[in-house]
1. Using only the alpha carbons of the chain, what is the convex hull's orientation-averaged projected area in square nanometres?
2. Taking the range 6-111, which GluC sites (Glu not before Pro) meet the DSSP loop condition and have no more than 11 other C-beta atoms within 10 Å?
3. Kirkwood hydrodynamic radius, the range 123-182, all distinct C-alpha pairs: what's the number in Å?
4. What percent does the relative contact order of the range 126-196 come to when contacts are Cα pairs within less than 8 Å and at least six residues apart?
5. Say each of LYS18 and PHE47 gets a label point 7 Å from the Cα, pointing the same way as Cα to Cβ; how far apart are those two points in nm?
6. For LYS114, which sequence-distant residues (separation of 5 or more, or a different chain) have an amide H within less than 5 Å of its own amide H, given hydrogens modelled in the peptide plane?
7. Using 0.36 nm per residue, how much length does the chain from HIS143 to GLU168 gain when fully extended, once their Cα-Cα distance is taken away?
8. Give the order of TYR170, TYR16 when sorted by the count of other beta carbons within 10 angstrom, beginning with the fewest.
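Please treat every number below as a calculation from the coordinates, not as lab data. Bear in mind that the values here come from a model prediction, so they are computed numbers and not experimental data. FYI the Cβ positions are ideal-geometry reconstructions off the backbone, even for glycines, and counts take in every protein chain you see.
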Amino acid sequence: MDKYRSILILFFHPLYHKSRVNRELIRVAENVEGVEVRFMYDLYPDFFIDRRAEQELLQDHELIIWQHPLYWYSSPSLLKEWIDVVLEHGFAYGRKGEALAGKKIMNVLSIGGKREVYRPEGARKHELKELLLPFSLTADLCHMDYLPPFAVHGTHLMDRDDALSAAEDYRRLLLLLRDPNTRLDRLSDYDYMNDYLEKA
């Protein structure tokens, strides 16, 4: 058995230098052995994505993370472009598209609104998992296992200590996810990875 489960973080944030919480999240992620972080807006400022290079990276890792802010209840536009270009027919889906079968994938999100806003009785009237349904369905079409999201809510009100606390939670999560002894098939019982962390 490998020492670590390999993790690939695809970080989509056009203005991450202005995001205190994302700076801290990425800082800890880059220091976890076995985790590879890619700054997608730095790599593809012109949106011309290297399809083959991205596909090879996906095949080389066991767990993929889409990390991004929640923009207009979705993602920054480069992530949508990445999905359109990289997860092509015959590679990720279709009769012969099984290159990613069995891999795990999830979202890591920074969200301005508090968690209680994203409930049927809250201001947004929908749960986060409903907003992430396109990602879940994409994973399913590609024969991948979609894991619950890790979400940092209330980022607009966070001070540095709050950001550091969120980053420490992220570090703990990455350590658990990379551990081959962690049963990822049992995580679907949770709406958020944050809830799993509270019991881990």
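1. Value for the chain: 11.3 nm².
2. Within the range 6-111, the qualifying GluC sites (Glu not before Pro) (loop, at most 11 other Cβ atoms within 10 Å) are GLU33.
3. With all distinct Cα pairs of the range 123-182 included, I get 14.0 Å.
4. Computed value for the range 126-196: 42 percent relative contact order.
5. Calculated label separation equals 1.9 nm.
6. GLY154
7. Length difference between fully extended and current span is 5.9 nm.
8. Fewest-to-most Cβ neighbours within 10 Å comes out as TYR16, TYR170.
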